[in-house]
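Report on one structure; see the data block that follows.
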Amino acid sequence: MDSRSSDNATGAANQQERLDAYIAGFVDGEGSFHVAIQRNPWTKVGWQLVPEFRVSQDVSRAQILDLIQARVECGSIRENHRGSNDHTMVFVVRKRVDLLERIIPFFERNPLLSCKNKEFLTFAGIVREMAKGAHLEEGGFQRIVAVATRMNGDGRYRRLHSSSAFRILRDHTPGTISD
């Protein structure tokens, strides 16, 4: 039997595939794809969109975050809530080029198996639209905001809903967000 054509579970390529599948499964449970909407008076519309991929884990099990960071070769690891009693660490990727060239291709090659894959596909579409500059024009910005606010459980966990910023954003982008 030719060892080069066997299904050797210890082969480097097979181990990489297994690692990638493990990471995708881990992210399916512990990760998120999110687009924050933040006030920024220096932008044309007074707001900015911040796409973010993140994975959190208790500090005692944070080695998985190191593993993910090493595999995708980007992002940073930090305390989830600095200065609090929260003992979680978070791996975060916000840099658009890293999202486009590393994170999105990784999850296209290693699709998530839960309903979170729909969130990923929406996120990928938003990041790609932003790469084309769609968010720099009011119509494109409004369109992206409408999509972003429907992500992750129809936006029910957004802190924006209870703030004055929500009212300002709603007024700026009529018809995209409802009370």
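The values are calculated or read from the model by the stated rules, or taken from the named source; none is laboratory data. What you see is a predicted model, and the numbers here were worked out from it, not measured in a lab. Heads up, the Cβs are rebuilt from the backbone with ideal geometry, glycines too, and the neighbour counts pull from every protein chain shown. When the accessible area is computed, the model is the full protein with side chains, heavy atoms only, and any ligands, DNA or RNA have been set aside. Shrake-Rupley method; radii C 1.70, N 1.55, O 1.52, S 1.80 Å.
Assorted remarks:
- Gain upon complete extension [K95, R61; 0.36 nm per residue less C-alpha separation]: 9.7 nm
- Contact order for segment 7-99, expressed relative to its length and based on alpha carbon pairs under 8 Å spaced 6+ residues apart, stands at 22 percent.
- By accessible area, using a 1.4 Å probe on protein heavy atoms only, segment 2-143 has 49% of its surface on carbon and sulfur.
- Length added when fully stretched, A134-R39, from 0.36 nm per residue minus Cα-Cα: 32.4 nm
- For segment 15-32, the residues whose amide N sits under 14 Å from a probe point set 7 Å from the Cα of L113 along the beta carbon direction are 18-30.
- Structural descriptor for segment 58-103: relative contact order 38 percent, calculated from alpha carbon pairs under 8 angstrom and at least 6 residues apart.
- Across all C-alpha atoms in segment 48-146, the radius of gyration and Dmax reach 14.9, 45 Å.
- R150-A21 FRET efficiency (beta carbon distance; Förster radius 25 Å; 0.05 resolution): 0.30
- Per residue, segment 1-154 exposes an accessible area of 57 Å² to a 1.4 Å probe, with every protein chain left in place.
- Positive-end extreme of charge dipole, segment 1-117 - chosen from A12, V90, L67 (charges on Cβ): V90
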